[in-house]
Structures are given as structure tokens and as C-alpha cells.
Amino acid sequence: MVLWVIALTIVIFLSLLIRAGIIGHLDGSAEIFSLTLAVAANVLFITVGFVVAEITRQWWSIPFAVLIPLALYAIELFGNGTRWLLALNPLHGYIAANGQLPDSSAFAGQCLVALASVLLLIAVAMSRDRTRSAVTIGLIGILAIVPLVTGGALVASSNGQEWRAQADAELEWTTEKKNGVSVTVLSTYTPVLDQLTSTWARISDLTSTSDLAFTSLQQDLDPTYDPEAPSKTFFRLDLNPRAADIVSSSIEAGFNDVSACTPNDQSGDFWLQGHLIVQSWFMDRRAFGSNVSIDSDPRLGEGLSALFSLSPDEARAWVKEHPQNIRTCSWDYADFEF
């Protein structure tokens, strides 16, 4: 039994690390207690399986034991209620946010609750064996109470928040300059900084002769948007660490700063299609993403190809002629006919 617990925990834990390495975009070391929580959760669920099998000694103990972590996962996805109470769930999700740091005490509390639950389950399993000493079982139960109360208090004290805001002195910024454009982001984003700078330098070049021109961008850690009153140009970076493509998502966010895409009488007969074409062009994408549901219109591809066929001088001249279209999201198909 012990060998199975160790083997399964190692396999699952390594799978978590490998997965994190494959999908990870950003820099920074892992929070030690978050890694410990992964181990504690695995030990807990394996213990659940053994205890259920020990108590029931029936074949249905296997699906029943599997349903328990699935139920906790469902609670994490759909549960409503007190935040810190939901955070006691060992499958409670951790979301990395801009300008945030993992809160070690919250993760430590979750670890203590998970391990205390293991001790309680062991005490329950031992109580089924009449040869076991009641004193031993009681002692294990008492030992479980201390980490359970301590862990619950730690989680409650942070109200279930597994992160804390960084102080200004803790923020580390990194700046890169390329082709006359300066990009400043948190040092966490260093792995994507070169791609960010190159992409936004291209956009800067496209807008350089228009009143959309810009020469510097800095990451905004708490961005807010006013769709009714967008700014006159690109001026900041809104970076989403959970995005599949951080650079592309920053451009989409940038258009939220510049473009007001509410349909009206002046939107033109190609308003949203034109917006998607320009956005994809700025992203240097020659094909639309899978989330574009109107790509059945063949004119979308034709318009995008037309923009990519322009020479650098022609591209700058085209942007110079259409800043108001970009800001108001007002387009006609004729805007993409050359």
C-alpha cells in the first residue's frame, strides 16, 4: 500500500511539473507550498481510495472513491459561497494575476488541511479493525485537529486569496528598445519580451506617419477601459499571463483602448469584418483565428491579403488615411480594395 501511494504520487506530481513546463509562458520560480499542495492533494485522494475500499470491501468502492475528487473538482468549477471555505478544497484553482505574488501562508494552510484530512481518514480506517487500540486511534484524531484548525485559520485569514499584491519596491521592471520603440514590462514577462517588442515595433512602424503613432509602451497592472471614450492611440500594454498567445492578446487589448466598435449608422457595411482584418494585419497574422465565426465571408480573406500585399510605404500611407476608421470601427469593403 505504501509503495503504491509513493509511486502514484510521484507519477502524478511529475506529470504536473511536465505539464507546467510545456504550457508555461513566463519566468519565475514556483511557490514551494503550491508544489507541496499538489503532493498533499494526491496523497489525500489515494488515501480516500484505500479507506473507502477498507471500509466497504465491495467492488463499488472504486467508482465511489473516484467520484469524490470529481465532486471536489465540480465544486471548484461551479461552487458558490464563502470564498475561504471554498478555498479549503485541495483542487482550488490558483490564478496568476499581473503584479501579484503567491501567498505562502494560504498555500501552507491548504496543505495542512489536506494532510489533516489524510490523518482523519486513517483514523476512520483503523477504527474498523477491532485489534487497533482506541488510544492510538484517538491520538491520530487529535493530531489531525491541530493542522486542520491551523490550516483553516491560515486560509480564512487570507479570505481564500492565494495571492497578494506586490508592493512598489517588489516590482521588477524590464525594458527593451527596438526600431525606436521602448517596451517596459514586469520582469516575469522576460521570456516573451523580445516577441512583444518586435510585434509592437512593427505596429509602431505601420502607424508612424498617422496620428496613431507611438514610441513607448508600459505594462498597465490594473487596466480599465471606457468603450465609449477610447484613447487616441496605443499607450500601454495589458498582458494576460493565462492567454495562449500573450503577444496577440496584448494587441486585442490595445484595440480596446483605441477602437469603439459599437454598431451605428456610420459603421459601414463591413464594420466588424474590417475591424478583424486590421487587427489580424497588425498581429501579422495571414489567417484568422478559429474563434472568428464570420470567416465564411470570402471578402475577409481577400481584404487581409490585400493589406499584406502593400509595400511598407503603401502600408504606412493606408494607415495614415484610415485612423478615424480604426477608432470608430467604421469600415466599407471599398476600404480594402486596391
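Go through L186, L112 and list them by solvent-accessible area, largest first, probe radius 1.4 Å.
Working: L186 10, L112 55 Å².
Accessible-area ranking of L186, L112, largest first: L112, L186.
Counting just the Cα atoms, what span does the chain cover along each of its three principal axes? Round to the nearest Å and put the largest first.
Dimensions of the chain along the principal axes of its Cα atoms: 89, 47, 35 Å.
Compute the relative contact order of the chain as a whole-number percentage, counting only Cα pairs closer than 8 Å that sit 6 or more residues apart in sequence.
14 percent
Taking amide hydrogens as modeled 1.01 Å from N in the peptide plane, which residues meet the under 5 Å criterion relative to R164, leaving out close sequence neighbours?
Under 5 Å from the amide H of R164: L101, D103.
Largest first, what is the accessible-area ranking of F336, F288 with a 1.4 Å probe?
From most exposed to least exposed: F288, F336.
Magnitude of the Cβ-charge dipole of the chain, K/R +1 and D/E -1, about the Cα centre, nearest 20 debye?
Once rounded to the nearest 20, the dipole reads 1840 debye.
Compute the angle between helix 271-282 and the longest alpha-carbon principal axis of the chain, please, reported from 0 to 90 degrees and rounded to the nearest 10.
On a 0 to 90 degree scale, this one is about 80.
Just to make sure I understand: if all protein chains stay in place, what is the order of E176, E321, E162 by accessible area at 1.4 Å, largest first?
Reading off the accessible areas and sorting them downward yields E321, E176, E162.
Hey, can you find the accessible area per residue of the chain for me, probe 1.4 Å, expressed in square angstrom?
55 Å²
For S182, what residues show an amide H to amide H distance below 5 Å, using hydrogens built from the backbone and excluding near sequence neighbours?
Residues meeting the criterion, in which the H sits 1.01 Å from N, are S216, L217.
Quick one: 3J(HN,Hα) in Hz for the stretch 74-84, Karplus 6.51/-1.76/1.60 with θ = phi - 60°, rounded, Gly and Pro as x.
Here the 3J(HN,Hα) series is 5, 4, 5, 6, 10, x, 10, x, 4, 4, 5 Hz.
If you wrap the stretch 1-166's Cα atoms in a convex hull and average its projection over all directions, what's the area in nm²?
11.0 nm²
Go through A244, T197, C329 and say which Cα lies farthest out towards the positive end of the charge dipole of the chain; charges sit on Cβ, +1 for Lys and Arg, -1 for Asp and Glu.
Farthest towards the positive pole: A244.
Quick check: net charge around S105, other residues with Cβ under 10 Å of its Cβ, Lys/Arg +1 and Asp/Glu -1?
Counting the neighbours of S105, the net charge comes to -1.
Using a probe of 1.4 angstrom, how much of the accessible area of the chain is carbon and sulfur, in percent? Write out the running numbers ahead of the final one.
Values: 11090 of 18470 Å².
Carbon-and-sulfur percentage of accessible area, whole number: 60.
What is the spread of the Cα atoms of the stretch 205-324 along each of their three principal axes, largest first, in whole Å?
Principal extents (largest minus smallest coordinate, Cα): 39, 32, 31 Å.
Could you pull out every Cys in the chain that lacks a partner Cys with its beta carbon under 4.7 Å away?
C111 - these cysteines have no disulfide-compatible partner (Cβ-Cβ under 4.7 Å) in the chain.
The values are calculated or read from the model by the stated rules, or taken from the named source; none is laboratory data. This structure is a prediction, so every number in the text was calculated from the model and none was measured. No Cβ is skipped: glycine too gets one built from the backbone with ideal geometry, and neighbour counts run over all protein chains shown. Just so you know, the surface numbers come from the protein's heavy atoms only, side chains and all, with ligands and any DNA or RNA stripped out. Shrake-Rupley method; radii C 1.70, N 1.55, O 1.52, S 1.80 Å.
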